Every structure is written in C-alpha cells, then in structure tokens.
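Notes for the one structure printed next.
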Amino acid sequence: MAIKSYRDLKVWEKAMDLVVESYRLTRLLPKSEAYGLVSQIQRAAVSIPANIAEGHGRDHLGDYLHHLSMAKGSLMELETHLLIASRLSYVSKNDLEPTFARTAELGRMLEGLSKNLKKTVQT
C-alpha cells in the first residue's frame, strides 16, 4: 500500500491510540493535577502524532527526521510523566502496564521509520 498521507502510517495510528489511552489515564488523576500532570501528560501524548504528521508533511527528509526525533522525545516525556503519576500513587503500576507496552512498541516503530528513511539517503 502506497503512503499518500500521514494517516496511512501505522506509527501515526498507534500514536493516536496512545493519545486516547493517555487521556483515559488522566481521568484517574486527582482534580488538583488538572493544570499539572494532567496537562503535561495530555500535551506530551498529543505531541507524538502531531510531530509524525508535521514531519511527513515537510519537503525535506532532514525535517522529517527532526520531527520524528521530537516525537521520540515526547514519547519519553510522556513515559516520565506517567512514572511520576505512579510514584505519587495516582495510578497503579497495573494501570500503566498496557500503556508502557504501547510506548515501547511505538518507540520501536519510530526508530524503525527513522532508520528506513536514513537508508533512502544512503542509497
């Protein structure tokens, strides 16, 4: 299948699923975190598919790779915020296990896409 749009990318679709999962998890946090961790978790999660899409829409491969790198950074940021929520006992480790499985998969997919794009430059 030819990739015509960022919406055709499986990595983008998985990132969108992670956004939904992240928003679900933020409902478990106390109201007092609405402008703290909730906001940070949601912002980091949304940044991942947004950077994938923006990079895909750029004219230069270097820009695409830069945005994929930013998506990976946002992914690590999201994991960190979720670990903080766990350490503060806002969410249990059991609640986070499926999410961390998603983040690991997404990280591998982002890395794979980046490596494949870099190969196109070398050939």
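The values are calculated or read from the model by the stated rules, or taken from the named source; none is laboratory data. Fair warning: this is a prediction, and the values are worked out from it, not measured in the lab. A quick note on method: Cβ atoms are made from the backbone with ideal geometry, for glycine too, and the neighbour counts reach across all protein chains shown. To get the accessible areas, we keep the full protein, side chains included, count just its heavy atoms, and leave off ligands, DNA and RNA. Shrake-Rupley method; radii C 1.70, N 1.55, O 1.52, S 1.80 Å.
Cβ separations smaller than 6 Å between residues 6+ apart or across chains give the following pairs from segment 97-111 residues that are more than 14 Å from SER74 (Cα to Cα) to residues that are open to solvent by 20 Å² or more (accessible area, probe 1.4 Å): THR99/GLU21. Comparison of GLY62, GLY55 shows that the only residue that is more than 19 Å from ARG102 (Cβ to Cβ) and either among the β-branched types (Val, Ile, Thr) or surrounded by 13 or more Cβ atoms within 10 Å (Cβ to Cβ) (or both) is GLY55.
Determine if segment 80-87 includes at least one residue that is of a type in the set (Gly, Ala, Ser), modelled with pLDDT of 95 or more and more than 25 Å from ARG24 (Cβ to Cβ). Checked segment 80-87: no residue is of a type in the set (Gly, Ala, Ser), modelled with pLDDT of 95 or more and more than 25 Å from ARG24 (Cβ to Cβ). Of the listed requirements (1) in contact (Cβ under 8 Å) with a residue 40 or more places away in the chain; (2) open to solvent by 30 Å² or more (accessible area, probe 1.4 Å); (3) within 22 Å of ARG43 (Cβ to Cβ); (4) in a helix (DSSP H, G or I), LEU68 misses just one: (2).
All of ALA44, ALA71, ALA15 fail the test of being of a type in the set (A, V, I, L, M) and touching a His at 6+ places or on another chain (Cβ under 9 Å), apart from ALA44.
Every test in (1) under 21 Å from LYS10 (Cα atoms); (2) outside any helix (DSSP H, G or I) is passed by VAL91 save one, and that test is (1). Taken over segment 7-52, residues that are farther than 30 Å from LEU88 by Cα and either open to solvent by less than 70 Å² (accessible area, probe 1.4 Å) or in contact with a strand residue (DSSP E or B) (Cβ under 6 Å, 6 or more places away or on another chain) (or both) amount to 5. Screening LEU106 on (1) modelled with pLDDT of 95 or more; (2) open to solvent by 70 Å² or more (accessible area, probe 1.4 Å); (3) under 21 Å from SER5 (Cα atoms); (4) not acidic (Asp, Glu) shows it passes everything except condition (2).
Residue count for segment 9-47 under the criterion of being closer than 20 Å to LYS118 by Cα and either of a type in the set (Val, Ile, Thr) or over 10 Å from the mean Cα position of the chain (by Cα) (or both): the result is 3.
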